[in-house]
1. Which lysines have a Cα less than 19 Å from the Cα of Lys473, not counting those fewer than 8 places away in the same chain?
2. Along the principal axes of its C-alpha atoms, what lengths does region 73-130 span, in descending order and rounded to whole Å?
3. Could you order peptides 226-235, 489-498, 337-346 by the average number of other Cβ atoms within 10 Å of their residues, highest first?
4. Once you keep just the Cα pairs under 8 angstrom separated by 6 or more residues, what percentage relative contact order results for region 389-445?
5. Nothing charged except the Cβ atoms of Lys and Arg (+1) and of Asp and Glu (-1): what's the magnitude of the dipole of region 355-495 about its Cα centre? Round to the nearest 20 debye.
6. To the nearest 20 debye, what is the magnitude of the charge dipole of region 37-152 about its Cα centre, counting +1 on the Cβ of each Lys and Arg and -1 on the Cβ of each Asp and Glu?
7. Size of the dipole of the chain about the Cα centre, Lys and Arg at +1 and Asp and Glu at -1 on the beta carbon, nothing else charged, in debye to 20?
8. Give me, ordered by chain and number, the residues 5 or more places off Met382 or on other chains with an amide H under 5 Å from its own placed amide H.
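Coordinate-derived values only; no laboratory data. Note that the structure is predicted; figures quoted are calculated from it, not measured. Neighbour counts run over all protein chains shown; Cβ positions are idealised from the backbone, glycine included.
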Amino acid sequence: MKKILSYVAVFSLVVAASSCSLEKFPETMYAENNTSGTGDAETAINTRELLEGQLTAMYNYMKGDFQNYWYQLIVLAESRADNAYGCPGETKTMAVEQNQLDSDNEFAATMWNYSMNAVDYANQVICNIDLVKENDPSLTEKEYQEWLSEALCWRAYIWINMMQMFGEIPMLTEIPPAINADNIEEVYPLYFPSRVSKETVGEQIVKDIEEYACKYAPDMDASNKFKITKGFAYGLMARFYSMREFRDWSKVVSACEAVEGMGYSLCDSYGDLWAYTTGDTGMAAMNTRESIFEVQWSSQTSGSWLWMMFHRNAYVPNDSFSWAKWSTPSRNLTRAYNAEGDTERLNASVVYDECGWSYQYPSDEYAFMHKFPTNVTPVYVMRLADIRLLHAEALANSGDPGGAADIVDAIRDRAGLGKLTDAQRASETQMREAVLNERRLELAMEGFRWFDLMRYGNDYSKLIEVCDGVNVKGSSSYDAYFKDRRAMNDNRVLLPIPTSVLDDNTNIEQNLGY
């Protein structure tokens, strides 16, 4: 009885659970009419208006508290690899840089907990939309298909990232009903779910995205890139099929080609993606023709706080500039730009400024990440250059290094660089390296580097080589300003499951190595 009472105490903290339908649409194996009742008529999500409010809440979360996820994702992807140093004034960021993450580190908790919350926001739409369709004829078939697709895509995006960070994950596809003494054994796993295999999650993603959202998601809207569309759906499938566990390079090529045929194009100048104007009509770039999906903030509100984790806000330059930032571009990264003569992408990614600290650079010329120059600069969740380079990666890994080189050359041309060499064009091995390097230069400080290294090849040897190499003289990734790292191994690639999760949920076990 004491155990049951403790469960009930926890369950009582879960909001909105009893008012939500558990009905699921057939393509995702939702059980028809599997509901817990109609709930309170005043709180049940059973009208088009209420459902639209849930969809809006899903998007609002992306630009609200989820900002913690965005900047910590960038720090993890850049500072765990060779693109950035951590902040010596913040123990938790130095643990990232030094490969000393443990289950009490804030980064692990942020990535897990905010991901689970994001899935819940998506499920509020997914799990209630059939009830709304049944009760409110004002919901059109087009709205049903598009809204469902948007929520499915967002959930799949989170799942893909979670699998790369944690391995096996809980796969929540329903909203727990209210708990009572009669259903506690049945409902308990919904509140405290165990992890499932990646194969199980992958099967769900294929059903949700490849078989549904790619067909029914909204078309691209050039005036609103803060909207999940078919381009994002196909882009997710390209990312999904590039993962080692689900790898199918032919499907990556097909998905990328679909995105490339939807009307997106590269901006004329790389810097246009992060451009901004000043004065009374100051605005940051948004809805560029290259953007596939971005999270936006309005100049009419306070905007985001992402900038303060990396540099200054150009519109209020002295705000929050009294403390060292969480991720500082490394000398190894700037050397990589200089080796290519790549001044355009270097200048858009890294800026030097005077500050009050001198941890990794002299205080009168300190390097800062420059891809959030204002409080209304968007987060690029997906843009065309990423998809095009993923297309090149697929070709380089499937016997077409020349085709891969053509794509890379187009990206380099935008940066003002020359074409790849004939030797690179003729060699699959050299071409794979060239694509990896190009992704580094093109996507630096956007949260890709770690995952690109993790995906490279058929094991983690490249990732281990780069991560350990920052401390090894003569290594291509050597940088004397990186603090000593604990050696990387296969059991340190994934993040630890947060202590708080293990304490709350006995159905979750810690990852190996922690």
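1. List returned: Lys462, Lys483.
2. Result for region 73-130: principal-axis Cα extents of 50, 23, 16 Å.
3. Details: 226-235: 24.8, 489-498: 19.0, 337-346: 16.6.
Packing order, densest peptide first, comes out as 226-235, 489-498, 337-346.
4. Details: 61 pairs, mean separation 21.0, N = 57.
Relative contact order for region 389-445 comes out at 37 percent.
5. Details: 18 positive and 21 negative charges, 56 e Å.
Taking the Cα centre of region 355-495 as origin, the dipole is about 280 debye.
6. Values: 6 positive and 20 negative charges, 47 e Å.
Charge dipole, region 37-152, about its Cα centre: 220 debye, nearest 20.
7. On the way: 45 positive and 74 negative charges, 222 e Å.
About 1060 debye.
8. Here Ile292, Phe293 satisfy the definition.
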